[in-house]
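Peer 1: This is the structure, below, for whatever I ask next.
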Ligand code: HEM
């Protein structure tokens, strides 16, 4: 919420206005990411395949504040993904092409899609 009357990039934001930052324009910025519309783990790896945190990777924070659940979320994501990938092989049905297009609201979610999950 704006703590005082503020002018930001020619927009006047009165004190008390609730603000919700949408990060899509940054996370899909064509000048920052080599292939913003494609799943590309290489965006986060250096020449030796080691993880690098890039300046524009701020999924848990966009300023001085930060997500209180970051540690828990990272742990949960790791456990869920590793658990699923160890037990199943995922593939798309013939003729189906997955897309990074989504529906933007409070969070950004993918359009409904079908995948096969085959037990390993
Ligand atoms: C993938 C999972 C998650 C993502 C991407 C995420 C992302 C974010 C982001 C971007 C913010 C706003 C930070 C800011 O003001 O700049 C936030 C705030 C917050 N998140 Fe998360 N979050 C996740 C999971 C969780 C979980 C699991 C919890 C709690 C169990 C949690 C608790 C909170 C709380 C309490 C805040 C408000 C912090 C504050 O404004 O002081 N989040 N989160």
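What follows draws every value from the coordinates through simple rules; no lab data is involved. Just so you know, these numbers come straight off a predicted model, no measurement behind them. Cβ placement follows ideal geometry from the backbone for every residue including glycine, while neighbour counts extend to all protein chains displayed.
Peer 1: How would you rank 18, 104, 6, going from fewest to most other Cβ atoms within 10 Å of each one's own Cβ?
Peer 2: 18, 104, 6
Peer 1: Against the longest principal axis of the chain, how steep is helix 70-87, in degrees 0 to 90 to the nearest 10, with axes from Cα atoms?
Peer 2: 20 degrees
Peer 1: Taking N as the number of residues in region 1-66, what is its Cα Rg relative to 2.2 N^0.38 Å?
Peer 2: 1.49
Peer 1: Only counting other Cβ atoms within 10 Å, I'd like 75, 1, 20 sorted with the fewest neighbours first.
Peer 2: If I rank by nearby Cβ atoms, fewest first, I get 20, 1, 75.
Peer 1: Could you work out Rg/(2.2 N^0.38 Å) for region 49-120, with Rg from alpha carbons only?
Peer 2: 1.42
Peer 1: How would you rank 106, 22, going from fewest to most other Cβ atoms within 10 Å of each one's own Cβ?
Peer 2: 106, 22
Peer 1: Quick one: divide the alpha-carbon radius of gyration of the chain by 2.2 N^0.38 Å and tell me what you get.
Peer 2: Rounded to two decimals, the normalised Rg is 1.37.
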